[in-house]
Amino acid sequence: MNPYPVALVTWIDIEDCTSPSWVSPKDAKRDSRSSFKILHSVGFVVFQDDERICLASTWGPDTSGILKIPKGVCKSVQILTE
C-alpha cells in the first residue's frame, strides 16, 4: 500500500520562449501573446506546503523523480480516492 495520496493537479503551464539565437521583434511579440496552456498532472503527493505541491508519477523501491508545481499556478488540486 502506498503511503502517499494520489492527486489530479490542474495548472497553468509556465512557458520559456527564449531562443538560442536572435528572434525578430515580430516573433517575440507573437510569442508573448500566445495563450497559456492548461495542464493536468496525476501523481503521488510526496510533499506540499504553501508554496508547492510535489508529485511522483511512479512509487516503489525507486521513483520516477519529482514534479514540483508552484501553488501560484495551480487552478485546482483534487485528491483521488479509490
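GLY60 meets all of the listed conditions (1) modelled with pLDDT of 95 or more; (2) among the small types (Gly, Ala, Ser); (3) open to solvent by less than 40 Å² (accessible area, probe 1.4 Å) but one, namely (1). Considered as a group, the residues in segment 22-37 that are of a type in the set (Ser, Thr, Tyr) and within 30 Å of THR10 (Cα to Cα) include one that is farthest from the chain's Cα centre (by Cα), and that residue is SER32.
For segment 26-48, the tally of residues that are open to solvent by 90 Å² or more (accessible area, probe 1.4 Å) and in contact (Cβ under 8 Å) with a residue 40 or more places away in the chain stands at 0.
The values are calculated or read from the model by the stated rules, or taken from the named source; none is laboratory data. Here the structure is a predicted model, which means the values were calculated and not measured. We place every Cβ from the backbone using ideal geometry, glycine too, and count neighbours over all the protein chains shown. Just the protein is used for accessible areas: all its heavy atoms, side chains included, with ligands, DNA and RNA removed. Shrake-Rupley method; radii C 1.70, N 1.55, O 1.52, S 1.80 Å.
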